[in-house]
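We did not get these values from a lab; they are worked out from the coordinates using the rules stated. For clarity, every value in this text was computed on a predicted model and none was experimentally measured. In this analysis, Cβ positions are derived from the backbone assuming ideal geometry, glycine residues included, and neighbour counts consider all displayed protein chains.
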Amino acid sequence: MLNGTFGKPKSNSLMGEYSTLLGDAVLRYRTRVAEHTARLESELANRVKSEFISNMSHELRTPLNTVIGFSKILAGHDRRRLPDEEIVEYAQLINDSAVHLLSVINDILDISKIQSGKYTIDARETPIDEIIQVCVTSLRKVAFDAGVTIDNLLPQYLPPVRGDAAKLRQAMSNILSNAVKFTPKGGRIVIEGAATKDGGLVVSIADSGVGMTEDEIMIALTPFGQVDGTRARWREGAGLGLPIAQALIDLHGGRIAIKSKKGEGTIVSIMLPSRHEVSAATGRDMVFGHATPE
Ligand SMILES: Nc1ncnc2c1ncn2[C@@H]1O[C@H](COP(=O)(O)OP(=O)(O)OP(=O)(O)O)[C@@H](O)[C@H]1O
Ligand SMILES: [Mg+2]
């Protein structure tokens, strides 16, 4: 063992070597971790991208193929006579597909307009209970066919909110249609609502459907995000309904809260601020207070 004046430099250089080696090892480890993380991120991004492309092309191609196929049959009517009922049926299929296609395209345009911050709402006194009733009525048949009941337990009177009726209807209908879509046969949807202490209101749409984990809720709120994004998923859609609903409620100065449990169901609460808090002709950049449940 080296001591004193001769030993020190040797031990110092040994320590120096160790620390250089250790530093290199740490650097190599960090690089490996960073490479691994980057690889995972790019794999995930590629997966999401290819699922998105496959979903979107399915969403756009399916109705377009229906339109092309059935309109061709109708166009050949003078060569091969079709019974009246077939003509009506094909025309109806073409109409349904075109309406669906338009709604997917509208959703894509809406989300890009919202993301660019150019989306504005036309705020006026709006009866939210009537809006919800209209949404329930328009979804009754779909729910009935799916074997799902909708119980509208809103109180007799809910204070009107200051908002854009068309946009609020779009938001409510997106949330309610999800509840119907992701609730299996025999399930139940309950709509409740109440005024809040600060003059706003809260409406909740609870379903007994498939539910989501915390991570899945995050995915669901991302534009084009679907929990089961593969083509084999049990229901169709572009993955835009929920983020659009959230953005529209946000534009009203409100907020959406989602509570869900996998396999048990989901509760989406929509909180809207008091009408005094929202001024007319609201723009995206305006800041509003949030309603809090009583
Ligand atoms: N009530 C719910 N219960 C369970 N999962 C839900 C519910 N609402 C939304 N999700 C999940 O969140 C995803 C995103 O919902 P979103 O409404 O944005 O898209 P979508 O319904 O798939 O398609 P779109 O609404 O554009 O037709 C859904 O695909 C689904 O996986
Ligand atoms: Mg949806």
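Values computed for the structure shown
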item: Relative contact order of the range 124-272, pairs being alpha-carbon contacts under 8 Å that are 6 or more residues apart, as %; result: 24
item: Ranking of Tyr29, Tyr119 by count of other Cβ atoms within 10 Å, fewest first; result: Tyr29, Tyr119
item: Most mobile of Leu64, Leu27, Leu240 in a GNM of the chain (Cα contacts under 10 Å); result: Leu27
item: Among the listed pairs Lys72/Lys141; Lys49/Lys262; Lys72/Lys181; Lys72/Lys185, those beyond 27 Å (Cα-Cα); result: Lys72/Lys141; Lys72/Lys181; Lys72/Lys185
item: Ellipticity estimate at 222 nm from DSSP helix runs (n ≥ 4, -39,500 (n - 2.57)) divided over the chain, nearest 500; result: -19000 deg cm²/dmol
item: Acute angle (nearest 10 degrees) that the helix 165-181 long axis makes with the longest principal axis of the chain, alpha-carbon atoms; result: 80
item: Residues His100, His252, His36, sorted so that the one with the fewest Cβ neighbours within 10 Å comes first; result: His36, His100, His252
item: Separation of alpha-carbon centers, the range 40-61 and the range 66-100, rounded to whole Å; result: 32
item: Glu35/Lys197 FRET efficiency (R0 45 Å; Cβ-Cβ; nearest 0.05); result: 0.25
item: In the range 54-117, the trypsin sites (Lys or Arg not before Pro) that fall in loop regions by DSSP, at most 14 other Cβ within 10 Å; result: Arg79, Arg80, Arg81
item: Cα-based helix-to-principal-axis angle, 84-115 vs the chain, degrees rounded to 10; result: 40
item: Ranking of Met212, Met218 by count of other Cβ atoms within 10 Å, fewest first; result: Met218, Met212
item: For the range 1-118: relative contact order, % (alpha-carbon pairs under 8 angstrom, 6 or more apart); result: 24
item: Kirkwood hydrodynamic radius of the range 117-191, Cα pairs, Å; result: 13.3
item: Relative contact order for the chain, counting Cα pairs under 8 Å that sit 6 or more residues apart, in percent; result: 18
item: For the range 242-252, 3J(HN,Hα) per residue [Karplus equation, 6.51 cos²θ - 1.76 cosθ + 1.60, θ = phi - 60°, Hz, x = Gly/Pro]; result: 6, x, 5, 4, 4, 5, 5, 5, 4, 5, 8
